[in-house]
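Here's the structure we're looking at; comments come further down.
The values are calculated or read from the model by the stated rules, or taken from the named source; none is laboratory data. Values in this document were obtained by computation on a predicted structure and should not be read as measured data. Every residue, glycine as well, gets a Cβ built from its backbone with ideal geometry; the counts of neighbours run over all protein chains shown. These area figures cover heavy atoms from the full protein model, side chains too; ligands, DNA and RNA do not enter into them. Shrake-Rupley method; radii C 1.70, N 1.55, O 1.52, S 1.80 Å.
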Amino acid sequence: MTATDPGTPDVPTRPDSVRLAVELWCAVIVAQLIAAIAQYPVVLDQSRTVLEDMAEKQGQEMPASPTVMAVLSMVLVCVILTAIALTFLKFFWDGRNWARQGLGVFSAFLVVELVFSVLSMFSDSDSGERVAAPAWASVFGIVGGVAAIGVLVALMNKDTTAYCRDMAIWRDRKRQNGGVRG
């Protein structure tokens, strides 16, 4: 499926590669959220350490609960990152090339993270007294990274590039003909 001729008044047809990229990116979001939630023991330990250091420096009791701090920080980070990803997805779905490129950067980051995650599975690292995330969490990180590879392939597909280009031309013509910005 390719985009229609930009000279026609019809909106260019969205190719299957765009649909695939959006579907795979949704899988990336879900996998990364599950992997982030699995990091709770690590975040709780870090929160406890930070709050204990603060209390020690001020000579008082802990100013807040480590559990509350860990949950709030995790929720805040997950909500912000999900909102950013969904915003980029919406603009990409509408054929914005900058959003396609932004999703490509995010996907490439996740692929690099996947490589380091897989390499760390084969290295002999002793965490000492540190709290570690459960082993099953790495499965979701790997699934998200593999889906990000698929997203990269779909984003760089010639039909996806042509769709974004044709949508830009269509929006310009629509604007020039007195239409509302789309």
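A few remarks follow.
- Neighbour-limited loop hits for chymotrypsin sites (Phe, Trp or Tyr not before Pro), segment 38-136 (at most 10 other Cβ within 10 Å; DSSP other than H, G, I, E, B): Trp136
- Residues Val143, Val22, sorted by accessible area with the largest first, give Val143, Val22 [1.4 Å probe; ligands and nucleic acids excluded].
- Helix 158-176 axis, angle to the chain major axis (alpha carbon atoms, nearest 10°): 70 degrees
- Cα-based helix-to-principal-axis angle, 66-93 vs the chain, degrees rounded to 10: 10 degrees
- Angle in degrees between helix 16-38 and the longest Cα principal axis of the chain, rounded to the nearest 10: 10 degrees
- With a 1.4 Å probe rolled over the protein heavy atoms of all chains, the accessible area of Tyr163, Tyr40 falls in the order Tyr40, Tyr163, largest first.
- Solvent-accessible surface (1.4 Å probe) assigned to Met121 amounts to roughly 100 Å².
- Extension gain from Asp94 to Ala168, taking 0.36 nm per residue of separation minus the Cα-Cα distance: 25.7 nm
- Accessible surface of the chain [probe 1.4 Å, protein heavy atoms]: carbon and sulfur percent: 65 percent
- Placing +1 on the Cβ of every Lys and Arg and -1 on the Cβ of every Asp and Glu, with nothing else charged, gives the chain a dipole about its Cα centre of roughly 1120 debye.
- Accessible surface calculations at 1.4 Å, restricted to protein heavy atoms, place the chain at 61 Å² per residue.
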